[in-house]
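Worksheet: one structure, shown below.
The values are calculated or read from the model by the stated rules, or taken from the named source; none is laboratory data. This is a predicted model, so every value here is computed, not measured. Cβ sites come from the backbone with ideal geometry, for glycine too, and all protein chains shown count toward neighbours.
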Amino acid sequence: MRSSWQTWIAQLRHDTYALHLASRDPRVPWQAKIFVPLVVAYLLSPIDLIPDFIPVLGYLDDIVLVPLGITLAIRCIPVDLWADCKAKAADHLAADLPRSRTAMIVIAAVWVGVLAVLIGICLHLLDNGAASRPLR
């Protein structure tokens, strides 16, 4: 069962990226260009039909409505154009992302610096708080 979920999620990822590519293609009908951002907006919106804090039902609308919206958006796109967008998405997602060791070191150094400053501030506040209290 786990592998079928993994393949479904991987397929959803490919389809979502292919929809992104299709929404930028001038050959796509205007109906699909309007519908695709609506599906993405619903996915990213903090406002749901059923709020997420309601157990089970809160996530059920996301699990059902988002794939349904993606499926309907795919049906708005001509078959040959959709195949072209899927092929481009598969090529792009299969390619390795660029990696920069220098960027990784700089980002890690910034986080270490921020952490050091926060620790220094906390120690300073704790030291000042202990000195201002009277001894009993």
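Listed values, structure above:
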| read-out | value |
| --- | --- |
| Flag if Ile54 is surrounded by 11 or more Cβ atoms within 10 Å (Cβ to Cβ), farther than 30 Å from Trp5 by Cα and without any contact (Cβ under 8 Å) to a residue 24 or more places away in the chain | no |
| Leading residue by the ranking (surrounded by the fewest Cβ atoms within 10 Å (Cβ to Cβ)) among those in region 13-31 that are more than 20 Å from the chain's Cα centre (by Cα) and assigned to a loop (DSSP other than H, G, I, E, B) | Pro26 |
| Filter pass, Cys122 being in a helix (DSSP H, G or I) and free of Cβ contacts under 8 Å to residues at least 12 places away in the same chain | yes |
| Region 66-81: number of residues that are touching a residue at least 40 places away in the same chain (Cβ under 8 Å), assigned to a helix (DSSP H, G or I) and more than 13 Å from Ile34 (Cα to Cα) | 2 |
| Unique match (being of a type in the set (Val, Ile, Thr), modelled with pLDDT of 80 or more, in contact with a Ser or Thr (Cβ under 7 Å, 6 or more places away or on another chain) and surrounded by 12 or more Cβ atoms within 10 Å (Cβ to Cβ)) among Ile74, Ile34, Ile70 | Ile70 |
